[in-house]
Each structure stands twice: as structure tokens, then as C-alpha cells.
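Each value in this text was obtained by applying a stated rule to the coordinates, not by laboratory testing. Owing to the predicted nature of the structure, the values given are computational and were not obtained by experimental measurement.
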Amino acid sequence: MIPITSLEDFKTYKGTQGYFIIADDVNGRKMHSNRCTAVDITHFRTKVLEKEGQHGRYFFTEDFFEAREYPKVKKCELCRKFM
Ligand SMILES: [Zn+2]
């Protein structure tokens with residue numbers, strides 16, 4: 001599981017076939033396809049960069065099973081069809 005900490009990382013992994021985990025204080029822990037519209041650079045910038053990761057953390061993995069093993073993670077309702 002790779003922590004995503006910069007816009008460059010975000011852009012690289014958004015364009016890579018795989019899975020994002022977004023761990024969010026408000027919405028819990030969600031697993032997304034890299035193609036999901038909820039995997040959004042504006043949200044990333046707000047939650048991770050401007051708030052210094054206090055309100056959300058992003059991870060990426062190419063491994064479906066590694067993503068599924070993230071504690072308490074749920075599949076995103078928007079992008080289940082891509083998984
Ligand atoms: Zn999603």
C-alpha cells in the first residue's frame with residue numbers, strides 16, 4: 001500500500017490500473033477503482049494537502065486483495081462495477 005502525498009503521486013496513480021483507499025474522518029474508509037469519479041484531485045488537494053492529512057489519507061495499490069484487506073474498508077458504491 002503506497003501513501004499518496006503529492007499531486008504528482010496522485011496524477012501518476014490516478015492513471016494507473018489499480019485501487020485507491022481513501023481513509024476519511026467523515027466518510028470512513030472506502031476502496032475505489034482508479035477510474036472512480038470520487039477519486040478526485042480537488043478533494044485530494046483539500047483533504048490531504050491543505051489540511052496536512054488530518055482529514056483524509058489516500059493510498060494506492062495495484063493489488064485487489066491488498067486493498068480488500070485494509071482494515072474496515074468498504075467498496076465505493078459508485079465504482080463497484082469497475083472492480
Ligand atoms: Zn469509487
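Here are the numbers for this structure:
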quantity: GNM top mover of Phe44, Phe20, Phe65 - the chain, alpha-carbon springs below 10 Å; calculated: Phe65
quantity: Rounded if a/c under 1.5, otherwise prolate or oblate - region 1-56, Cα gyration tensor axes; calculated: oblate
